[in-house]
Amino acid sequence: MATAAWAQDAPLASLPPKCTQTATAKLESMGLANVVKSGMHSEIRSGVSIVSGYRARYYNPNCGGYIVMNMTPNCAIEQTYTTGQCRMNGMSHW
């Protein structure tokens, strides 16, 4: 019996407009909308040969790391975490 191969996450030049709006609203609620900069390319998160969601990364120069948002295919935020030197209360760090 053959099993489906997992697709790789793929770079994405820009998020779908709905995901951009969701990410912007989240950053505004955190007071970071005017601080962070879009950094690395966004990604399409892939499951078994289908899009399983999106990943957005925003660079925060105040702490030298990224705020990362994993979203569903419908652009709802599933998880938000930080990387690098950034630490934020209530948020995981990787």
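Bear in mind that the values in this text are calculations on the coordinates, not laboratory data. Quick caveat, the model's predicted, so the values are computed rather than measured. So basically every Cβ, Gly included, is an ideal-geometry build from the backbone, and we count neighbours across all protein chains shown.
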Backbone N under 14 Å from the Lys37 label point (7 Å along Cα→Cβ), restricted to segment 50-66: 58-66
Residues whose placed amide H lies under 5 Å from that of Leu12, excluding near-sequence neighbours: Ser42, Glu43, Ile44
Under the 0.36 nm per residue contour assumption, what length would be gained going from the current alpha-carbon distance of Thr24 and Glu78 to full extension? 17.9 nm
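For segment 10-86, rounded, prolate or oblate, judged on the Cα gyration tensor with a ≥ b ≥ c (square roots of eigenvalues), a/c < 1.5 rounded, else prolate if a/b > b/c? List each step's numbers first, then the result.
Numbers: a/c = 2.03, a/b = 1.59, b/c = 1.28.
The shape class here is prolate.
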Ordered by number, the trypsin sites (Lys or Arg not before Pro) in segment 16-94 that occupy a DSSP loop and have at most 13 other Cβ atoms within 10 Å are Arg87
